[in-house]
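Please treat every number below as a calculation from the coordinates, not as lab data. These numbers were taken from a predicted model, which means no experiment stands behind them. Neighbour counts are summed over all protein chains in view; Cβ atoms, including those assigned to glycine, are modelled from backbone coordinates with ideal geometry.
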Amino acid sequence: MTQATLFERIIAREIPATIVFEDAQCLAFKDINPQAPLHALVVPKRPIPKVSDAVPSDAALLGHLLLVAAQVARDAGYGEAFRLAINNGAGAGQTVFHLHVHVLAGRPLTWPPG
């Protein structure tokens with residue numbers, strides 16, 4: 001039996017989080033180490049370890065995550081200026097292996113990131 005990820009435990013309400021959005025497919029909550037005034041994570045309730053593990057049947061869910069991320073930014077007052085980031089794998093900075101979309105806004109965001 002595999003151990004539940006941090007995000008699965010948040011979804012199950014075993015670990016507290018400041019939830020900003022929830023529906024049947026996903027949960028969005030504030031990052032505990034924010035990198036911007038708005039830094040939320042949008043996670044699917046059905047775990048996918050990383051985006052490269054997604055399969056064609058996940059397409060609707062992946063699209064839904066992006067739509068929810070935009071809604072989270074709008075709800076926080078940043079609907080026209082926000083960044084979405086998805087880290088894929090440890091080499092790209094992923095630390096929790098449960099796909100998640102970072103929603104960042106509220107400060108100047110430079111390019112390239114990192």
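Is it the case, given these coordinates, that Arg13 is basic (Lys, Arg) and either crowded, with 17+ Cβ neighbours inside 10 Å or on the phi < 0 side of the Ramachandran plot (or both)?
Taking the combined requirement at face value, the residue does not satisfy it.
Can you name the residue in segment 1-53 that is touching a residue at least 40 places away in the same chain (Cβ under 8 Å) and β-branched (Val, Ile, Thr) and, of all such residues, is nearest to Leu66 (Cα to Cα)?
Going through the qualifying residues, I end up with Val42.
Give the number of residues within segment 22-65 that are surrounded by fewer than 16 Cβ atoms within 10 Å (Cβ to Cβ) and assigned to a strand (DSSP E or B).
Looking only at that region, the number is 1.
Quick one: which of Val68, Val51, Val55, Val72 is in contact with a helix residue (DSSP H, G or I) (Cβ under 8 Å, 6 or more places away or on another chain) and either of a type in the set (D, E, K, R) or at negative phi (or both)?
Val51
List pairs: first residue in segment 83-106 and closer than 15 Å to Leu67 by Cα, second residue surrounded by 16 or more Cβ atoms within 10 Å (Cβ to Cβ) and of a type in the set (S, T, N, Q) anywhere in the structure, Cβ distance under 9 angstrom, at least six positions apart or on different chains.
Sorted first by the residue in segment 83-106, then by its partner, the pairs are Ile86/Gln94; His100/Asn87; His100/Gln94; His102/Asn87.
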